[in-house]
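Only one structure is covered here, and it is reproduced in the block below.
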Amino acid sequence: MSNGPFMPKWSASIRSWLHLTISLEAPGRAFLWEYSQECQARRRRSTLKRMEAVGAVPGNAKPAQSQPSLLSDKPRRATLHADTRKTKPDRSAIARQRNYAMKPFASAAAAFASLIFAWSSVAAELQVVKVWPGKVPKESGNIGAERLRMSPALDRKQVEVTEPTQMITDVTKPTITIYRPAKEKETGTAMLICPGGGYWNLYWQLEGEEVATWLNSIGVTGIILKYRVPRRPDEPQGEPARRPLADAQRAVSLVRSRAEEWGIHPARIGIVGFSAGGHLAIATATSFEKRT
């Protein structure tokens, strides 16, 4: 998804986001299968209702008097209705069929509106904490002010998501932004999120905020790490940037030290990343004994 002159190892990136991808895809496939079965069942019920309304059996102008109607709990009234209209379809059945067809769209619209409302509510309660309480180590702060920018529009051959998305760059003061789930959903689990960007930018919206919001939906606290980018001139070429690794190591320690305050179990803290962020996540998980 993200690009830059420094491309981390694919194995590190794949391992870091594979768990999230699997958990996202399996429920999606189950939902689509259940939804298709429900649509087929609705179509069958609608067809039976319309057939009964016009007599059901070809060659018979009237249905049997003892046959109950599926359209109403008043068989006598439904039978008379079919007699007077002969072979014309029941307009109320057609209207109900349209309503059935529109219900999934109405439900989707309602769910989207609820998500937007929940997202805005969460944004108002976000907690931002500095990774380094005092002076940031090995940071001169001479690269200019931190800024937002939009990613370039790309084609499908380059990345999966082609639309521009919000990025952050020129970071000199690392922070963590905490997205806590609703009280009734809290599981005590937390995930530190490392957005990608080739160690030059941070794909903050796509690989940070959206991931944290999804984690909240399953009761996991999402913590987005804003680590230092871009790479500084004194960073060794062909090697991972040292400053982002120092920020990530410090962030893990910080979350553990304040776990009780944030409703997190100290032994249930994970880390996930994307692209360069995936490389950073693996480096953090495997080099905990050596501080950068």
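Has the range 205-221 got any residue that is part of a loop (DSSP other than H, G, I, E, B) and under 18 Å from Gln127 (Cα atoms)? Yes, there is a match, as at least one residue in the range 205-221 is part of a loop (DSSP other than H, G, I, E, B) and under 18 Å from Gln127 (Cα atoms). Out of the residues in the range 125-161 meeting the condition of being acidic (Asp, Glu) and surrounded by 10 or more Cβ atoms within 10 Å (Cβ to Cβ), tell me which one is farthest from Thr175 (Cα to Cα). In this case the residue turns out to be Glu139.
Taken over the range 124-154, the criterion of being touching a strand residue (DSSP E or B) at 6+ places or on another chain (Cβ under 8 Å) and of a type in the set (D, E, K, R) is satisfied by Lys130, Glu146, Arg147, Arg149.
None of Gly188, Gly197 is of a type outside the set (A, V, I, L, M, F, W, C), part of a loop (DSSP other than H, G, I, E, B) and within 24 Å of Arg242 (Cα to Cα) except Gly197.
With the condition kept exactly as written, say whether any residue in the range 192-208 is surrounded by fewer than 19 Cβ atoms within 10 Å (Cβ to Cβ), of a type in the set (Gly, Ala, Ser) and under 26 Å from the mean Cα position of the chain (by Cα). No - not one qualifying residue is present in the range 192-208.
Of all residues in the range 133-177, those that are of a type in the set (Lys, Arg), under 30 Å from the mean Cα position of the chain (by Cα) and either more than 19 Å from Ile224 (Cα to Cα) or assigned to a strand (DSSP E or B) (or both) total 4. Of a type in the set (D, E, K, R), exposed (fewer than 15 other Cβ atoms within 10 Å of the Cβ) and over 26 Å from Leu148 (Cα atoms): does that describe Glu260? Here the answer is yes, as Glu260 does meet what is asked. With respect to (1) assigned to a helix (DSSP H, G or I); (2) over 22 Å from the mean Cα position of the chain (by Cα), the lone exception for Asp234 is condition (1).
No lab work stands behind these numbers, since they all come straight from the coordinates. Since the model is a prediction, treat every value here as computed from it, not as a measurement. Heads up, the Cβs are rebuilt from the backbone with ideal geometry, glycines too, and the neighbour counts pull from every protein chain shown.
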